[in-house]
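Student: Before anything else, here's the structure in question.
The values are calculated or read from the model by the stated rules, or taken from the named source; none is laboratory data. Everything quoted here is computed from the prediction, not taken from an experiment. So basically every Cβ, Gly included, is an ideal-geometry build from the backbone, and we count neighbours across all protein chains shown. Ligands, DNA and RNA are excluded from the accessible area calculation, which covers all protein heavy atoms including side chains. Shrake-Rupley method; radii C 1.70, N 1.55, O 1.52, S 1.80 Å.
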Amino acid sequence: MFVERMAKTYLLKHFFQHILLALFLIGTAQIMSAQSGMIFRQINEANSVMAKEPDKALGLIQSALKESYAQKNERGEAFCYNSLGALNYQLGRYPLSIDNYQKAINIFLKIKEKEGLYNSEKYIAIAYEGKGELEEALSRYEKLLVKIQEYGKTDDEIDIRRRMARIYQLRDNTGKAQFQFQCISSLEQKRGNVPGYIDNLNDWGSYNIQQQDTGQAIDNYQNAIDLSEKKGSQEQVQQSYENLSSVYRGKRDVGRELATRSAANQSYQKSQNKKGEVTNQLEMGKLYLQEGNADKAISYFKASIDLSKELGELAATVDSSKSEKKEKRATLILPSVASPSKTNVSLNGISNIPDTIPAIALVSNREKEAQTKLQQEAYENLAKAYEQRGELKEALLTYKRAAAMADSLATLRDFALREALDMSGKLAERDDKILRMQQDQALQQAALRQQRNISLLLMLGFVTLLIAGFFILRNYRAKRRANKLLALRSLRSQMNPHFIFNSLNSINSFISKNDERSANRYLSNFSRLMRTVMEHSSHDFVPLSAELQVLELYLSLEHFRFADKFEYSFEVDPAIQADQIEVPPMLIQPYIENAIWHGLRYKEALGHLRVAFRQEGGKLIGIVEDDGIGRARSQELKTKNQRTHTSTGLKNTAQRVELINSLYGKRVSVSMANLDDGQEDCGTRVEIVIPYKESV
């Protein structure tokens, strides 16, 4: 029960820990999303007010940019530069606009924001056109067309082709301009957009006039009028009539211009377009005055003045209404007008994509100035009409009114200039703040880059030291290994001097006794043994079968010399695959030699030597057993006989075992013990364990 309670407590504890962690992560995400949403709300609001309140728009963009820097929100930063580019374009500050759009493009490329990149590339091309760099604009338009056609943005394609046609028109490239107009017509017809097709006819007509092809221009304008009236689009009807009137004016065909303007006047009245009617009435009055018909001219001039005054009163009323709405609007929180998308909506429901910004000219409130100028022109022409009719007193009075209008116009222009200067100062102040903010950001980024570079250099230095240390250590180990291998081969090539010396004495003894046959036999076996030992001395490992042959040959030579001292047996486990196992050469021989020379040779009775090999797992076990006098008595006999020679066989073998274990990671071990402690001749048992490797 206790264990179950502990388990349940542990599970509940970790469950609540995970719940708290999840709530923390969700809260963090909501805070970050809310901050990001605030950036884009400010950008959207700036986009909506920049046409009429550029100072406010610039302030909002400045705030959004500052927040983007603080949050390291590159997406927000890119859209801030995009909106800043649009604002500067609308203010006619084309170099700044181009710089802003280029910064937006660089960030959009970095974060792979496809739609933002497309819009910035489109508007920077338009900004180059506004700056007058037509070649650069045209080059960018041509590249942009590829993307536009890929994305299927027909509206943008028509707009860009219209701009390209205008540039070709300025460069007198007739063929390419004509081609663009034809493409626009095809696109508009394909999607059934009659208003767009009419606009293209009007643009095409303007191009015809530039090419002095007035006949084609009249045809295009007339087609535009017919289609507009059929469609019921009075605005396009009026524009087409105005264009056609300008053709007749250029041809000095007063009659047809009057007829065209008369038809246009009906359209203005039908659509209640009083602004257009004011201008049209004035132009008709001027035509009648030109023809010497002062009566009709006076009626049109008066009508134009009355309509203009009416428009001025209407504008004042609208301005008052707007100011009231503006005061109320300040207390409202405006929702984002961008369309929410599945992948770009934050947790608070605000879209993270700013509204698209049309790069159009700055719209300012100059209605009063325009109407005052029209009234001045109308009064001047009305005075001329009175003068033509001989009403000099009325003409003088009208001239005075025209002069008053001129004074009003000058006052309005002076006010507009002061307002523009004031706005320019405010914008310059905002620009300076944004510039300082950008410089601070650039300095921070430079500091971060420098810090990153220093860290990289330190890491590179550390890695270099590690690599150098690695190579130094590897060279050191290689030298140590080479030295060990050299020492191992040196030890391996040594034979017990006793054996060589006594073997030569035995051969000499056989020769002195004229036992030539025994001497030859002994010498032959000895030479075979020496040759095999020398061959094996160049190898660290040899096949077990070859090593067994060496040991058997060695035993036969020793037994040939000491046949009256011992008998021997040589046993090899049949399970051992001697040809597949590799062992260090001459590792067991010194122990056999030691058993014969220091154990069996001093035994009074006939001794026995047993050499056996068996296999256990991946280990070869060699056993050397003798029933000789034992290690203790052998040491005593050496002392008594004052044997000053110390055998190097076992010492060399111990060093070889140590080197083999160090070089090859083996675990070769040697153990020695008395064979039978209860006997006077206790004998010796040596067990050598050799982890072997199979030959390939």
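Student: What is the calculated FRET efficiency for K302 to T411, with r their C-beta to C-beta distance and R₀ = 25 Å, to the nearest 0.05?
Tutor: Here the calculated transfer efficiency is 0.55.
Student: Kindly sort M459, M164, M530, M672 by accessible area of their heavy atoms, largest first, with the probe set to 1.4 Å.
Tutor: Largest to smallest exposure gives the sequence M459, M672, M530, M164.
Student: Can you work out the accessible area per residue across segment 81-189, with the rest of the protein chains kept in place, probe 1.4 Å, in square angstrom?
Tutor: Accessible area per residue, segment 81-189: 43 Å².
Student: Using Stokes-Einstein with the Kirkwood hydrodynamic radius over Cα pairs, what translational diffusion coefficient do you get for segment 419-481 at 10 °C and a viscosity of 1.306 mPa s, in µm²/s rounded to a whole number?
Tutor: 98 µm²/s
Student: Run the Debye formula on the Cα coordinates of segment 135-188, all scatterers equal and no solvent, and tell me log10 I(q)/I(0) at q = 0.17 1/Å.
Tutor: For segment 135-188 at q = 0.17 Å⁻¹, log10 I(q)/I(0) is -0.47.
Student: So, one more: So if each residue of separation counts as 0.36 nm, and I subtract the Cα-Cα distance between S262 and R171, what length gain in nm does that give?
Tutor: Taking 0.36 nm per residue and subtracting the Cα distance, the gain is 29.2 nm.
Student: Related question: Carbon-plus-sulfur fraction of the accessible area of segment 531-597, 1.4 Å probe, in percent?
Tutor: The value for segment 531-597 is 48 percent carbon and sulfur by accessible area.
Student: Filter the trypsin sites (Lys or Arg not before Pro) in segment 389-440 to those in DSSP coil with at most 14 other Cβ atoms within 10 Å of their Cβ, and list the result.
Tutor: none
Student: Let me ask another. Could you tell me what percent of the accessible area of segment 179-289 is made up of carbon and sulfur, with a 1.4 Å probe and every protein chain present?
Tutor: Roughly 43 percent, rounded to a whole number.
Student: Quickly work out the E115-to-V194 label distance, labels modelled 7 Å from Cα along the C-beta direction, and quote it in nm with one decimal.
Tutor: So the label points at V194 and E115 sit 3.2 nm apart.
Student: Among rounded, prolate and oblate, which fits segment 508-646 when a ≥ b ≥ c are the square roots of the eigenvalues of its C-alpha gyration tensor, a/c under 1.5 means rounded, and a/b larger than b/c means prolate?
Tutor: Verdict is oblate for segment 508-646.
Student: Largest first, what is the accessible-area ranking of M284, M534 with a 1.4 Å probe?
Tutor: M534, M284
Student: Placing unit charges on C-beta atoms (Lys and Arg positive, Asp and Glu negative, everything else neutral), compute the dipole magnitude of segment 111-260 about its Cα centre in debye, rounded to 20.
Tutor: The dipole magnitude comes to about 140 debye.
Student: Write out the trypsin sites (Lys or Arg not before Pro) in segment 103-171 meeting two conditions: DSSP loop, and at most 14 other Cβ atoms within 10 Å of their Cβ.
Tutor: Answer by residue number: K112, R171.
Student: Moving to a separate point now. Which of the three applies to segment 46-95, rounded, prolate or oblate, going by the alpha-carbon gyration tensor with a ≥ b ≥ c and a/c under 1.5 meaning rounded?
Tutor: Here segment 46-95 falls in the prolate category.
Student: Projecting each Cα onto the charge dipole of segment 64-146 (Lys/Arg +1, Asp/Glu -1 at the beta carbon, about the Cα centre), which of I107, V146, L134 comes out farthest on the positive side?
Tutor: The residue sitting farthest along the positive end of the dipole is I107.
Student: I'd like the accessible area for V146, computed on protein heavy atoms only with a 1.4 Å probe and all protein chains in place. Round to 10 Å², please.
Tutor: Ignoring ligands and nucleic acids, V146 comes out at about 90 Å².
Student: Something else: Give me the one-decimal nm value for the distance between modelled label points at M530 and R449, 7 Å along each residue's Cα-to-Cβ direction.
Tutor: About 7.9 nm separates the two model spin labels.
Student: At a 1.4 Å probe, what is the % contribution of carbon and sulfur to the accessible area of segment 406-464?
Tutor: With neighbouring chains kept in place, the figure for segment 406-464 is 62 percent.
Student: Something else about it: For segment 214-265, rounded, prolate or oblate, judged on the Cα gyration tensor with a ≥ b ≥ c (square roots of eigenvalues), a/c < 1.5 rounded, else prolate if a/b > b/c?
Tutor: It comes out oblate by the Cα gyration axes.
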